[in-house]
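Data first, discussion second: the structure below is written as structure tokens.
Each value in this text was obtained by applying a stated rule to the coordinates, not by laboratory testing. Note that this is a predicted model, so its numbers are computed, not measured. With ideal geometry, Cβ positions are generated from the backbone for all residues, glycine too; neighbour counts draw on all protein chains shown.
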Amino acid sequence: MIGKLAMRMYFLSLLTTIAVSSGCGGGGGGSEEGEGPGLTSGKSPVISASDSFFSETLPYSLQVLDIPGRSGYAVDVNEFGEVAGNFLDEAGNIHAFSWKDGQTEVLAASAQVSAINRQGMVVGWLETPDGPEAFIHDGELFLLGPMDGVSKALDVNDLDQIVGRRTSLSEGSFLETNGWMQELAIDIEGYALSINNRGQILIKEIRDQGFGALLWENETAVDLGNLGGESTQARDLNDRGQVIGWSETAKGEYHAFLWEEGQMIDLTPPGFNFSSAVAINESGQILVKASAPEGDSSFLWENGEWIDLQNFGTEWITVSNLNDRGQIVGWLADEDGDIQGFLATPR
């Protein structure tokens, strides 16, 4: 293991010397994991970037973020309303940003972020000619390493513990704690997706048939099971140990789930064929995206009740995360058809 200062030896100024390829890959928002089979982006909405909120009948005020570039994607939000995300410039190159109180800061060029914690630490990866390299941004940008192969930092908790994906000859997980790097679950083919403040870690296991979701704690992996099909994808967990994501059913559909105390509960809204739970906060509010032949919708599940977010007044919207205050981030399309990040705040 190598000390903190040795690992974080590269500063933001070095980014100007790194040649990178253009393009954002398959998921413009920068999320490591997709929405799940069967979930589509639907039709693009029309919204003015100058609008700060919609109809008074909606339970949220919605602010379109002032993000540079052609398209912007808000991927995470902390308890103080600080947003982390990614944007595309006119040439199609992807860059990382943070947003707070109406001010946007470009964190890194040719990079994507995945998470932000309570202290405002942001994690993600640089897009380099040799593949992605995991980094943190905590006032300055530092690479996490050294590691064999390529790497992506996928989550950070409020104790500044970072988990992510390391790819060389096989897929592996890493955990960085107080500047010390360690390989995680070395006998498991897969990678760490998320970590809570108790140190519980979600791992995506790659299997011969599909993949599974594991909860890693005290050097032990618990298989979360499935809803009758082959594959399960966990997406997020809170400090109560509740886990959400999506799982394949016996009919081959993909449904949102809530897992707690060894039980997996189907969370597909009534009338929808496919769904994915994308985020959960400490009070147990769950953000769910759902798809049906008639179109896509976004919901908040709370205490057994469904709250229709009405797509915040648009035909289609993508929700990506929420914080303990119930603020929601994601992206939609403006009146010119460009993608814009947003922050929705309960009224």
Show me, for segment 232-245, the HN-Hα J-couplings you get by feeding each phi into the Karplus relation (A = 6.51, B = -1.76, C = 1.60, θ = phi - 60°), rounded to Hz, glycine and proline as x. 9, 10, 7, 10, 7, 8, 10, 6, 7, x, 6, 10, 10, x
If each of residue 140 and residue 239 carries a label point 7 Å out from its Cα toward its Cβ, how far apart are those two points in nm? 3.1
Using θ = phi - 60° and the Karplus relation 6.51 cos²θ - 1.76 cosθ + 1.60, list the HN-Hα couplings for segment 333-341 in order, rounded to whole Hz, with x at every Gly or Pro. 10, 8, 5, 8, x, 7, 7, 10, x
Straight-line reach from residue 251: which aspartates and glutamates have a Cα under 13 Å away, not including same-chain ones fewer than 8 places off? 230
What is the set of long-range amide H partners of residue 108 at a cut-off below 5 Å, with H atoms built 1.01 Å from backbone N? 96
Amide hydrogen neighbours beyond the local backbone of residue 272, cut-off 5 Å, H modeled: none
With 10 angstrom as the radius, rank 73, 60 by how many other C-beta atoms surround their C-beta, starting from the fewest. 60, 73
Would you mind computing, in nm to one decimal, how far apart the modelled labels at residue 211 and residue 89 are, each placed 7 Å from Cα along Cα→Cβ? 3.1
Just to check I understand the Karplus step: with θ = phi - 60° and J = 6.51 cos²θ - 1.76 cosθ + 1.60, what whole-Hz values come out for segment 270-276, glycine and proline as x? x, x, 10, 8, 10, 7, 8
Within segment 125-140: backbone nitrogen closer than 20 Å to the residue 106 label point (7 Å, Cα to C-beta): 125-129, 133, 135-140
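For 255, 95, which order do you get if you count the other beta carbons within 10 Å of each Cβ and list the fewest first? Mind dumping the intermediate values first?
Numbers: 255 29, 95 25.
Fewest-to-most Cβ neighbours within 10 Å comes out as 95, 255.
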In whole angstrom, note down how far apart the Cα centers of segment 189-223 and segment 60-76 are. 31
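Rounded to the nearest 0.05, what FRET efficiency is calculated for residue 183 and residue 307 with R0 set to 35 Å and r the Cβ-Cβ distance?
The pair residue 183/residue 307 has a calculated efficiency of 0.25.
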Take the alpha-carbon centre of segment 230-264, take the same for segment 91-160, and report the distance between them in whole Å. 27
Inter-site label distance for residue 219 and residue 324 at 7 Å from Cα along Cβ, in nm: 3.1
